[in-house]
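Below is one structure, written out as structure tokens; the observations come after it.
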Amino acid sequence: MPQATFHFPRGFLWGTATSSHQVEGNNRNNNFWAWEQQPGRIVGGQKSGLACDWWGGRWREDFERIVEGGQNAHRFSIEWSRVQPTPDRWDEDALDHYREMLRRLYELKITPLVTLHHFCDPLWVSELGGWENEAIINLFEAYVKKTVQALSEYANLWITINEPNVLVIFAYLLGTFPPGKKSLSSIGRVYANLVRAHSSAYHTIHNVQPTARVGYAVNYRSFIPSHAWNPLDRMSASLASSVFNNAFPGAINDGVLRLILTRKRIPEARGTQDFLGLNYYTRDQVVFSLLHPEEHFIHLFLRPGAELSTTGFIANEPAGMFEALKWGTQFNIPIIITENGIEDQDDRIRPRYLLQHLHQVWRGINFNWPIKGYFHWTLVDNFEWERGWTQRFGLWEIDIETQIRKKRPSADLFAEICSNNKISSEMVEKYAPQIYDQMFPGL
């Protein structure tokens with residue numbers, strides 16, 4: 001059988017991504033822990049509990065799995081509620097904990113990508129009104145300054161805020177994240193505060209560490225009109241994309257926050273990004289429907305016939321990755337894919353999902369798009385927010401009762417890709433032979 005190889009650029013970042021609340025365990029002082037205690041908030045009433053026990057030290061063994069996996073980078077987040085448990089107190093022990101993690105990554109020659117906010121706020125911030133209160137801008141700036149001053153010896157690649165668009169929609173429109181609001185009127189205020197907080201953090205980080213590279217991570221969701229001939233479906237898809245995909249990045253790009261009926265100038269935010277963090281998982285079909293007022297008449301669904309993840313949450317749509325990357329090129333800055341993955345308990349779909357999506361990344365690189373790295377979601381199964389433990393995204397499986405890790409076959413596939421900086425036809429034949437002819441037509 002003829003052979004072929006897709007090579008990636010020298011110096012390409014290969015890693016996995018994690019977040020503090022999802023892996024640390026016993027994060028009792030933030031709003032998501034409090035959310036978990038409320039009946040009906042999490043699927044099956046599940047709780048994060050010990051999570052992956054990283055706060056108890058199991059990050060050490062999982063970092064060894066990063067090395068075993070041939071990765072040269074890792075993305076993880078800092079928990080604001082640990083660093084600043086009360087308004088008037090900084091916890092130096094918590095900062096030492098994160099410094100120890102970063103020092104170990106340095107020793108292992110793993111490049112850290114540090115996220116400063118990944119959905120969770122300290123309880124005291126929530127009590128002040130969270131992201132609806134303009135006071136959070138200065139509060140976040142102070143936290144960022146303290147954290148970067150403490151950790152800059154070992155890190156210079158920062159994400160200020162993870163998926164601000166998801167935070168806005170899930171927490172303030174759909175009500176599935178804390179504070180559980182379903183308020184159209186909140187969206188503009190929260191988006192504006194997130195934009196200003198990012199901008200302030202960006203300047204603060206560069207003042208502390210002039211050599212830093214700073215960005216944010218946006219979740220790009222592809223929205224396809226269910227009936228291309230129907231202007232209402234096309235309008236619905238356009239509106240969904242403008243609010244979800246474009247509002248925050250647009251404001252950072254040119255200093256204007258554009259929502260459906262309003263524009264707000266935030267000039268200080270213009271150009272406050274050194275790279276674009278891009279998260280992509282799947283794409284949606286969109287139909288205008290009077291039968292779905294709870295969705296504001298914009299009904300989203302996965303493509304009929306698409307290959308679905310274990311719980312039907314994600315459709316395997318690799319073409320959407322190429323679309324996301326093409327969209328990202330408009331900002332004329334480096335792109336880092338900061339999350340991509342599929343929940344797949346039995347590791348049935350993940351090998352081909354991974355190969356097909358990385359093939360689209362390779363295609364983008366061959367258009368000379370400035371794609372600098374790829375972080376797979378995630379290293380080890382973790383607590384998936386309102387979906388609890390029902391979704392398993394890890395390259396490594398976890399038994400949450402015993403904390404025993406078990407390697408999935410796709411971990412070996414990803415290790416071969418990372419170690420060799422390429423995808424070969426041999427890898428595809430070994431791990432996902434059913435897509436061989438698709439990836440190597442004519443061979």
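At a glance:
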item	result
20 Å tail of the calculated P(r), region 266-334, as % of Cα pairs	52 percent
Debye log10 I(q)/I(0) at q = 0.17, 0.29 Å⁻¹ for region 339-378, Cα point scatterers	-0.48, -1.00
Axial C-alpha extent at least 18 Å, average Kyte-Doolittle at least 0.5 - helices from the chain (DSSP)	135-151
If the convex hull is drawn through the Cα atoms of region 44-166, its volume per residue in Å³	137 Å³
Which of Gln273, Ile336, Thr310, positive extreme of dipole for region 211-370 (C-beta unit charges)	Gln273
Inter-site label distance for Arg258 and Tyr436 at 7 Å from Cα along Cβ, in nm	4.8 nm
Overall form of region 160-230 per C-alpha gyration tensor (a/c, 1.5; a/b vs b/c)	oblate
Rg and Dmax of region 308-443, Cα atoms only, in Å	15.4, 48
Hydrodynamic radius (Kirkwood) for region 129-273, which is based on Cα pairs only, to one decimal in Å	16.1 Å
Contact order relative to length of region 196-351, as percent, for alpha carbon pairs under 8 angstrom and 6 or more apart	24 percent
Radius, Kirkwood style, for region 209-327 when every pair of distinct Cα atoms is counted (Å)	15.9 Å
Net length gained if the chain between Asp93 and Ile404 were fully extended (0.36 nm per residue, minus Cα distance)	109.2 nm
Rounded to the nearest 20 debye, dipole of region 180-311 from Cβ charges on Lys, Arg, Asp, Glu	400 debye
Segments 3-14, 200-211, 365-376 sorted - mean Cβ within 10 Å per residue, highest first	365-376, 200-211, 3-14
Residues His296, His118, sorted so that the one with the fewest Cβ neighbours within 10 Å comes first	His296, His118
Total lysine pairs whose alpha carbons fall under 26 Å of each other in the chain (8 or more apart, or interchain)	20
GNM flexibility winner over the chain from Gln46, Gln37, Gln356 (Cα, springs under 10 Å)	Gln37
Length-normalised contact order of the chain in % [C-alpha pairs under 8 Å, at least 6 apart]	19 percent
The chain - Kirkwood radius from inverse mean 1/r over Cα pairs (Å)	22.2 Å
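Bear in mind these aren't lab numbers, they're just calculated from the coordinates by the rules spelled out. Because the structure is predicted, anything quoted here is derived from the model rather than measured. Note that we place each Cβ from the backbone using ideal geometry, even for glycine, and neighbour counts take in every protein chain shown.
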